[in-house]
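Note sheet for the following structure.
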Amino acid sequence: MAMPEAGAAAPAFELSDQSGETISLADLRGGWVVLYFYPRADTPGCTTQACSVRDRSSEYADRGARILGVSPDEVAAIAEFDDKYDLGFTLLADTEHTVAEKYGVWGEKKNYGRTYMGIIRSAFLIDEKGKVAEAWYKISPKATPEKLQAALG
């Protein structure tokens, strides 16, 4: 599936967070949502990205935005990741990568000559009406907070 572009309806989803609670995009209507996809909890790039987002989370909250980080990890793994780095924002377990597929961020990757399927690091800003306001495909871990900050104004 193709990645949704700015102006398109954000694909609906329900996933378990690090506490095992179900989070639905529909339940977050009326506020901005920062939705970013990362390959795997507690790896160098993903830790850099998550900690950078954490460090600016109050700025996003000041603009009415809720942060959701999504990976194919199990609930226990994202709970450990949250605890280890005191992230303090919602992490979601997309173990079957169904949400990643809806957002067009599950795809072929290559690393050290090996080809495999995985998350293509990407981020989306979803407006109060559930529309994609901004989409960044193949975003770098370090660029994520700056892009989000600029988009939220």
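Across region 130-146, the residues whose backbone nitrogen lies under 12 Å from the label position 7 Å along the beta-carbon direction of residue 5 are 135.
Based on the convex hull around the alpha carbon atoms, the chain presents an average projected area of 8.2 nm². A simple rule links phi to the HN-Hα coupling: the Karplus curve 6.51 cos²θ - 1.76 cosθ + 1.60 with θ = phi - 60°, which for region 57-64 gives 4, 5, 5, 5, 4, 4, 9, x Hz, with x for Gly and Pro. Annotation: amide H-H contacts under 5 Å for residue 92 (H modelled 1.01 Å from N, sequence separation of 5 or more, or interchain): 69, 70, 71.
Rounded to the nearest Hz, the phi-derived 3J(HN,Hα) couplings of region 76-83 under the Karplus curve 6.51 cos²θ - 1.76 cosθ + 1.60 (θ = phi - 60°) are 4, 5, 6, 5, 5, 4, 4, 5, where x marks glycine and proline. Couplings 3J(HN,Hα) of region 100-110, computed from phi: 4, 5, 4, 8, x, 10, 9, x, 6, 10, 10 Hz, in residue order, whole Hz [Karplus 6.51 cos²θ - 1.76 cosθ + 1.60, θ = phi - 60°; x for Gly and Pro].
Close amide-amide hydrogen proximity is noted between residue 139 and 122, 123, each under 5 Å apart and 5 or more residues distant or on a separate chain (H modeled in the peptide plane; Pro and chain starts excluded). When the Cα positions of 139, 60, 45 are compared along the charge dipole of region 14-152, 139 comes out farthest toward the positive end, with charges on each C-beta of Lys, Arg, Asp and Glu.
Give the lysines reachable from residue 102 as a straight Cα distance under 29 Å; neighbours fewer than 8 places away on the same chain don't count. Result set, ordered by chain and number: 110, 129, 131, 138, 142, 147. Loop-located GluC sites (Glu not before Pro) across region 64-153 with a Cβ neighbour count of 16 or fewer within 10 Å are 74, 96, 128, with loop assigned by DSSP. Between residue 109 and 116, 117, 118, the built amide H atoms are under 5 Å apart, and every one of these is 5 or more places off in sequence or on another chain.
Apply the a/c threshold of 1.5 to the C-alpha gyration tensor of region 64-153 and tell me whether it is rounded, prolate or oblate. Cα axes put region 64-153 in the oblate bin. Per residue, the chain reaches -8000 deg cm²/dmol at 222 nm when only DSSP H runs of four or more residues are counted, each adding -39500 (n - 2.57).
Mean separation of Cα pairs under 8 Å and 6 or more residues apart, divided by the residue count, gives the chain a relative contact order of 33 percent. Each Lys and Arg contributes +1 and each Asp and Glu -1, all at the Cβ; summed about the Cα centre of region 21-103, the dipole is approximately 380 debye.
Read-outs throughout are calculated quantities, based only on the coordinates presented, and are distinct from any laboratory measurement. Keep in mind that what you see is a predicted model, and the values were worked out from it rather than measured. Cβ: placed from backbone, ideal geometry, glycine included. Neighbour counts: every protein chain shown.
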